[in-house]
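Everything on this sheet refers to the single structure shown next.
The values are calculated or read from the model by the stated rules, or taken from the named source; none is laboratory data. What you see is a predicted model, and the numbers here were worked out from it, not measured in a lab. Neighbour counts are summed over all protein chains in view; Cβ atoms, including those assigned to glycine, are modelled from backbone coordinates with ideal geometry.
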């Protein structure tokens, strides 16, 4: 068996443990300590985050999406595949090294997605992008940390608290959709979404595109057409 090789390490702002990029042949893994955050063989739920969100806004002619977290590019590539030529996709990635890995050792995995004219990659905290963008996005897709229960950095919790959800509502256009990936269900967070005046649908997805592997959850929270 081909052994794993450590390609690079980086510090995540606000985290105590280094983020490591590992490679074994054509397979990549991002590790935080002993926790695997993502693996290039397991893309099903991240792709579903994009395809299911885009389906909910397919009637919009020039949609603008915000993706929180670049990761291994699964969500970005899936969104670009299903969106039309006039769409825009902004990706906010907090860790500069993750963008560098996408353009360097993982370039083949990303394909042409980073040079697609519809895609804009911003090295920024997605929370800051949300707060500075009132009524801007038709969909906000969050694949940040481990979902509503932060694993990497405690500051990510602020995305999912009541104030964070209010900021997201302000950044969405009427009828806009918030889609949140999570490693598992969270009944308290579902209640919090509803308390924030979203129409909520919780969908179970699998880790691989073949509908196998770990069970993950995606919340779809829609802002009503009349809401401001």
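Could you tell me whether residue 7 is part of a strand (DSSP E or B) and in contact (Cβ under 8 Å) with a residue 12 or more places away in the chain?
Values: part of a strand (DSSP E or B): yes; in contact (Cβ under 8 Å) with a residue 12 or more places away in the chain: yes.
When the stated conditions are applied, residue 7 passes them.
If the Cβ limit is 9 Å and pairs must be 6+ apart or interchain, which residue in segment 125-144 that is on the phi > 0 side of the Ramachandran plot pairs with which residue that is surrounded by fewer than 24 Cβ atoms within 10 Å (Cβ to Cβ) and part of a loop (DSSP other than H, G, I, E, B)?
Taking only residues 6 or more apart or on different chains, the pairs are 135/228.
Looking only at segment 14-35, count every residue that is over 15 Å from residue 108 (Cα atoms), out of contact with any strand residue (DSSP E or B) (no Cβ under 6 Å at 6 or more places or on another chain) and part of a strand (DSSP E or B) and tell me the total.
1
Quick one: residue 38 ticks every box in (1) assigned to a strand (DSSP E or B); (2) in contact (Cβ under 8 Å) with a residue 60 or more places away in the chain; (3) in contact with a helix residue (DSSP H, G or I) (Cβ under 9 Å, 6 or more places away or on another chain); (4) within 28 Å of residue 177 (Cβ to Cβ) bar one, so which box is it?
Of everything listed in (1) assigned to a strand (DSSP E or B); (2) in contact (Cβ under 8 Å) with a residue 60 or more places away in the chain; (3) in contact with a helix residue (DSSP H, G or I) (Cβ under 9 Å, 6 or more places away or on another chain); (4) within 28 Å of residue 177 (Cβ to Cβ), residue 38 misses just condition (2).
Please enumerate the residues belonging to segment 51-72 that are touching a helix residue (DSSP H, G or I) at 6+ places or on another chain (Cβ under 8 Å) and within 19 Å of residue 127 (Cα to Cα).
Correct list: 65, 66, 67, 68, 69, 70, 71.
Being surrounded by 15 or more Cβ atoms within 10 Å (Cβ to Cβ), more than 15 Å from the chain's Cα centre (by Cα) and closer than 26 Å to residue 219 by Cβ narrows it down to one residue among 52, 83, 114; which is it?
Numbers: 52 fails: more than 15 Å from the chain's Cα centre (by Cα); 114 fails: closer than 26 Å to residue 219 by Cβ.
When all the criteria are applied, what remains is 83.
What's the number of the only condition in (1) more than 26 Å from residue 100 (Cα to Cα); (2) loosely packed, with under 14 Cβ neighbours inside 10 Å; (3) in contact with a strand residue (DSSP E or B) (Cβ under 6 Å, 6 or more places away or on another chain); (4) at pLDDT 95 or above that residue 220 fails to meet?
Condition not satisfied by residue 220: (2).
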